[in-house]
1. Any residue in the stretch 13-22 that is closer than 23 Å to Leu113 by Cβ, in contact with a helix residue (DSSP H, G or I) (Cβ under 9 Å, 6 or more places away or on another chain), at pLDDT below 95 and of a type outside the set (Asp, Glu)?
2. Being more than 30 Å from Thr69 (Cα to Cα), modelled with pLDDT of 65 or more and either in a helix (DSSP H, G or I) or among the hydrophobic types (A, V, I, L, M, F, W, C) (or both) is true for just one of Ser118, Ser140, Ser134, Ser128. Which residue is that?
3. If only one of Asp48, Asp36, Asp42, Asp28 is closer than 18 Å to Lys80 by Cα and either surrounded by fewer than 16 Cβ atoms within 10 Å (Cβ to Cβ) or among the polar types (S, T, N, Q) (or both), which one is it?
4. Report, ordered by the first and then the second residue, all pairs with beta carbons closer than 9 Å, sequence separation of six or more or different chains, a first member in the stretch 7-33 that is touching a residue at least 24 places away in the same chain (Cβ under 8 Å), and a second member that is exposed (fewer than 11 other Cβ atoms within 10 Å of the Cβ).
5. Criterion first (on the phi > 0 side of the Ramachandran plot and either at pLDDT below 95 or of a type outside the set (S, T, N, Q) (or both)) does Asn100 satisfy it?
6. Among Asn70, Asn86, which is the only one that is exposed (fewer than 11 other Cβ atoms within 10 Å of the Cβ) and within 21 Å of the chain's Cα centre (by Cα)?
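The values are calculated or read from the model by the stated rules, or taken from the named source; none is laboratory data. Quick caveat: nothing in here was measured; it's all calculated off a predicted structure. Note that each Cβ is placed from the backbone with ideal geometry, even for glycine, and that neighbours are counted across all protein chains shown.
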Amino acid sequence: MTEIGEKGINLSGGQKQRVSLARSLYADADIYFLDDPLSAVDSHVGKDLFDQVIGPNGMLNHKTRVFVTNSLSFLPQCDKVAMIQNGSIVQIGTYEELLNEPGKFKDFIKLYLKDKESNKKAKQDDASLDDTKSSERNKSEQETSHKTEINKTHIHVAGEKIIVEEKIETG
(Lines give C-alpha, C1' and ligand atoms only; values in the text may rest on other atoms or scores of the structure.)
Protein backbone atom coordinates (compact mmCIF):
# COMPACT_ATOMS: atom_id res chain seq x y z
CA MET A 1 0.00 0.00 0.00
CA THR A 2 3.04 2.29 0.02
CA GLU A 3 3.19 4.67 -2.88
CA ILE A 4 6.54 4.52 -4.62
CA GLY A 5 7.93 7.49 -6.51
CA GLU A 6 9.48 7.46 -9.96
CA LYS A 7 12.55 5.19 -10.02
CA GLY A 8 11.92 4.43 -6.33
CA ILE A 9 13.03 7.91 -5.28
CA ASN A 10 11.49 7.60 -1.81
CA LEU A 11 12.96 4.14 -1.11
CA SER A 12 16.32 3.20 0.38
CA GLY A 13 18.71 0.98 -1.56
CA GLY A 14 17.70 -2.08 0.46
CA GLN A 15 14.01 -1.37 -0.07
CA LYS A 16 14.59 -1.01 -3.82
CA GLN A 17 16.32 -4.38 -3.89
CA ARG A 18 13.52 -6.07 -1.95
CA VAL A 19 10.90 -4.59 -4.31
CA SER A 20 12.91 -5.76 -7.35
CA LEU A 21 13.21 -9.25 -5.89
CA ALA A 22 9.45 -9.33 -5.18
CA ARG A 23 8.69 -8.17 -8.74
CA SER A 24 10.90 -10.90 -10.13
CA LEU A 25 8.98 -13.49 -8.08
CA TYR A 26 5.69 -12.29 -9.56
CA ALA A 27 7.19 -12.70 -13.05
CA ASP A 28 7.38 -16.48 -12.44
CA ALA A 29 10.28 -16.93 -14.87
CA ASP A 30 12.17 -20.16 -15.51
CA ILE A 31 15.60 -18.56 -15.09
CA TYR A 32 16.54 -15.78 -12.65
CA PHE A 33 19.68 -13.66 -12.98
CA LEU A 34 20.25 -12.01 -9.61
CA ASP A 35 23.07 -9.47 -9.61
CA ASP A 36 24.05 -9.14 -5.93
CA PRO A 37 20.47 -8.71 -4.69
CA LEU A 38 21.56 -8.73 -1.03
CA SER A 39 24.27 -6.06 -1.20
CA ALA A 40 22.17 -3.16 0.15
CA VAL A 41 20.34 -5.01 2.91
CA ASP A 42 21.44 -5.75 6.47
CA SER A 43 23.08 -9.13 7.06
CA HIS A 44 20.09 -10.59 8.93
CA VAL A 45 17.69 -9.39 6.21
CA GLY A 46 20.03 -10.84 3.57
CA LYS A 47 20.06 -14.17 5.36
CA ASP A 48 16.24 -14.19 5.52
CA LEU A 49 15.93 -13.29 1.83
CA PHE A 50 18.39 -16.00 0.87
CA ASP A 51 16.72 -18.61 3.08
CA GLN A 52 13.14 -17.76 2.08
CA VAL A 53 13.55 -16.77 -1.58
CA ILE A 54 16.88 -17.51 -3.30
CA GLY A 55 18.38 -20.45 -1.43
CA PRO A 56 17.82 -24.20 -1.77
CA ASN A 57 14.74 -24.09 0.49
CA GLY A 58 13.37 -20.77 -0.79
CA MET A 59 10.51 -19.93 -3.12
CA LEU A 60 12.79 -20.22 -6.16
CA ASN A 61 14.17 -23.64 -5.26
CA HIS A 62 12.68 -25.28 -8.39
CA LYS A 63 13.95 -22.54 -10.70
CA THR A 64 17.36 -21.94 -12.28
CA ARG A 65 19.12 -19.15 -10.41
CA VAL A 66 22.34 -17.40 -11.36
CA PHE A 67 23.22 -15.62 -8.14
CA VAL A 68 26.08 -13.11 -8.19
CA THR A 69 27.32 -12.19 -4.72
CA ASN A 70 30.30 -10.86 -2.81
CA SER A 71 29.03 -12.49 0.38
CA LEU A 72 30.94 -15.71 0.98
CA SER A 73 28.55 -16.98 3.66
CA PHE A 74 25.98 -18.09 1.04
CA LEU A 75 28.40 -20.10 -1.11
CA PRO A 76 28.17 -23.41 0.80
CA GLN A 77 24.43 -23.53 0.02
CA CYS A 78 24.89 -22.99 -3.73
CA ASP A 79 24.87 -25.93 -6.17
CA LYS A 80 27.87 -24.60 -8.10
CA VAL A 81 30.30 -21.78 -7.45
CA ALA A 82 32.15 -19.97 -10.22
CA MET A 83 35.03 -17.69 -9.31
CA ILE A 84 35.39 -14.90 -11.84
CA GLN A 85 38.51 -12.80 -12.18
CA ASN A 86 38.99 -10.06 -14.77
CA GLY A 87 35.80 -11.12 -16.57
CA SER A 88 36.80 -14.77 -16.98
CA ILE A 89 35.85 -17.87 -15.02
CA VAL A 90 39.01 -19.10 -13.28
CA GLN A 91 37.44 -21.95 -11.29
CA ILE A 92 34.07 -23.68 -11.11
CA GLY A 93 32.71 -26.46 -8.93
CA THR A 94 30.87 -27.08 -5.69
CA TYR A 95 32.00 -25.12 -2.65
CA GLU A 96 33.57 -28.26 -1.13
CA GLU A 97 35.38 -29.15 -4.37
CA LEU A 98 36.86 -25.68 -4.64
CA LEU A 99 38.01 -25.71 -1.01
CA ASN A 100 39.68 -29.10 -1.42
CA GLU A 101 41.63 -28.37 -4.60
CA PRO A 102 44.49 -25.90 -4.94
CA GLY A 103 43.67 -22.76 -6.85
CA LYS A 104 42.58 -19.14 -6.74
CA PHE A 105 39.35 -19.84 -4.84
CA LYS A 106 41.11 -21.64 -1.99
CA ASP A 107 43.76 -18.88 -1.87
CA PHE A 108 41.03 -16.23 -1.79
CA ILE A 109 39.16 -17.95 1.07
CA LYS A 110 42.39 -18.25 3.09
CA LEU A 111 43.12 -14.55 2.55
CA TYR A 112 39.53 -13.64 3.49
CA LEU A 113 39.64 -15.66 6.71
CA LYS A 114 43.04 -14.17 7.61
CA ASP A 115 41.72 -10.62 7.04
CA LYS A 116 38.55 -11.39 8.99
CA GLU A 117 40.60 -12.65 11.96
CA SER A 118 42.85 -9.56 11.96
CA ASN A 119 39.78 -7.26 11.71
CA LYS A 120 38.17 -9.10 14.63
CA LYS A 121 41.28 -8.54 16.76
CA ALA A 122 41.42 -4.85 15.74
CA LYS A 123 37.73 -4.41 16.69
CA GLN A 124 38.37 -5.99 20.09
CA ASP A 125 41.27 -3.58 20.65
CA ASP A 126 39.07 -0.65 19.56
CA ALA A 127 36.24 -1.77 21.87
CA SER A 128 38.64 -1.88 24.82
CA LEU A 129 39.84 1.65 23.97
CA ASP A 130 36.22 2.85 23.56
CA ASP A 131 35.28 1.43 26.99
CA THR A 132 38.11 3.42 28.57
CA LYS A 133 37.06 6.61 26.78
CA SER A 134 33.40 6.02 27.70
CA SER A 135 34.13 5.67 31.41
CA GLU A 136 36.20 8.89 31.31
CA ARG A 137 33.36 10.66 29.50
CA ASN A 138 30.79 9.46 32.07
CA LYS A 139 32.91 10.82 34.92
CA SER A 140 33.17 14.17 33.15
CA GLU A 141 29.40 14.29 32.53
CA GLN A 142 28.66 13.47 36.16
CA GLU A 143 30.92 16.29 37.32
CA THR A 144 29.25 18.95 35.18
CA SER A 145 25.71 17.48 35.30
CA HIS A 146 24.01 19.94 32.97
CA LYS A 147 20.42 19.15 32.05
CA THR A 148 19.24 19.82 28.54
CA GLU A 149 15.70 19.43 27.26
CA ILE A 150 15.15 18.49 23.67
CA ASN A 151 11.75 19.00 22.10
CA LYS A 152 11.03 16.65 19.22
CA THR A 153 8.23 17.41 16.82
CA HIS A 154 6.88 14.50 14.84
CA ILE A 155 4.99 15.51 11.76
CA HIS A 156 2.68 12.89 10.30
CA VAL A 157 -0.07 13.74 7.89
CA ALA A 158 -2.33 10.73 7.33
CA GLY A 159 -3.55 10.08 3.81
CA GLU A 160 -1.27 12.64 2.18
CA LYS A 161 0.27 11.44 -1.08
CA ILE A 162 4.02 11.45 -1.48
CA ILE A 163 3.88 11.82 -5.23
CA VAL A 164 2.07 14.77 -6.75
CA GLU A 165 1.40 15.26 -10.43
CA GLU A 166 3.69 17.85 -11.96
CA LYS A 167 2.37 20.74 -14.00
CA ILE A 168 4.26 22.06 -17.01
CA GLU A 169 3.87 25.71 -17.86
CA THR A 170 4.57 27.04 -21.32
CA GLY A 171 5.00 30.52 -22.70
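1. no
2. Only one candidate qualifies: Ser128.
3. One residue alone meets the criteria, Asp36.
4. Asn10/Thr2; Asn10/Glu3; Asn10/Ile162; Gly14/Asp42; Lys16/Lys7
5. Judged against the criteria, Asn100 is not a match.
6. Asn70 is the lone residue from the list that is exposed (fewer than 11 other Cβ atoms within 10 Å of the Cβ) and within 21 Å of the chain's Cα centre (by Cα).
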